[in-house]
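S.K.: Got a structure for you, written out below as structure tokens; questions coming shortly.
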Amino acid sequence: MKATIEDKVQTRIPTKHGEFILHYYSNSLDDKEHVAFVKGDVAGKDNVPVRIHSECFTGDVLGSRRCDCGEQLDMALDIINQAGFGVLIYLRQEGRGIGLLKKLQAYNLQDQGLDTVDANIKLGHAADERQYDIAALMLNNLQVRSIALITNNPQKIDELTKLGILVNDRIPIETHIHHDNLSYLKTKMERMRHLLKMPDKK
């Protein structure tokens, strides 16, 4: 069955990064509440700055330092605000698609020495189970012609391109590296091909 979405409601949200319009979408794939946070007029526009952000309760809400998610979310909104237009799509696929419970269990495995990839695999999951069908449908619904994707993840570019989204450019989004997220970011770079720069050893 081909996925469908419906833009159910739009409402104005003022933030520290300026004013956005929040679009709430229903969909035929799952019962999750995926949303698009839109700044300015994006319909018919090219090279629209777009961040496709997967939900991270621990990072986005609690400010966990184990990952870079919360910082990336804040940086992406700032990039969009500085550009004067853009879209942040917030997909409800916690823990790279494995859900909050399994993500927290994976955290415990990481504390025992596994990296993020091996922890997911030990729990019976793939390293990354996220899908971007709904994100592509949202961008089409918003009539975005082409995008500059705010990401370090080349796989995300590949997946969107396969779904018919024209990705003209990539905007890097590198966060602060510190003791709590160093292993996480090294795994992203070494095992998941993320385009990141690690600090030189001293």
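S.K.: Please work out if Glu55 is open to solvent by 10 Å² or more (accessible area, probe 1.4 Å), within 20 Å of Leu137 (Cβ to Cβ) and charged (D, E, K, R).
M.R.: Spelling it out, Glu55 is indeed open to solvent by 10 Å² or more (accessible area, probe 1.4 Å), within 20 Å of Leu137 (Cβ to Cβ) and charged (D, E, K, R).
S.K.: Is there any pair with a first residue in the stretch 78-95 that is at pLDDT 95 or above and a second that is buried (at least 16 other Cβ atoms within 10 Å of the Cβ) and of a type in the set (Ser, Thr, Tyr) whose Cβ atoms are under 6 Å apart and which are 6 or more apart or on different chains, and what are they?
M.R.: Once the first residue is at pLDDT 95 or above and sits in the stretch 78-95, its partners that are buried (at least 16 other Cβ atoms within 10 Å of the Cβ) and of a type in the set (Ser, Thr, Tyr) give Leu91/Ser54.
S.K.: Oh, and also: Give, as residue ranges, the helices (runs of 4 or more DSSP H) completely inside the stretch 76-183 that count at least 2 residues that are buried (at least 20 other Cβ atoms within 10 Å of the Cβ) and under 13 Å from the mean Cα position of the chain (by Cα).
M.R.: The helices (runs of 4 or more DSSP H) meeting that bar are 133-141, 154-162.
S.K.: Scan the stretch 18-51 residue by residue and report those that are modelled with pLDDT of 95 or more, of a type in the set (A, V, I, L, M, F, W, C) and open to solvent by 40 Å² or more (accessible area, probe 1.4 Å).
M.R.: Ile21, Leu22, Ala43 - these are the residues of the stretch 18-51 that are modelled with pLDDT of 95 or more, of a type in the set (A, V, I, L, M, F, W, C) and open to solvent by 40 Å² or more (accessible area, probe 1.4 Å).
The values are calculated or read from the model by the stated rules, or taken from the named source; none is laboratory data. Because the structure is predicted, anything quoted here is derived from the model rather than measured. For neighbour counting, all protein chains shown are included, and Cβ atoms are generated from backbone atoms with ideal geometry for every residue, glycine included. For the accessible areas, the whole protein counts, side chains as well, though only heavy atoms, and no ligand, DNA or RNA atoms are used. Shrake-Rupley method; radii C 1.70, N 1.55, O 1.52, S 1.80 Å.
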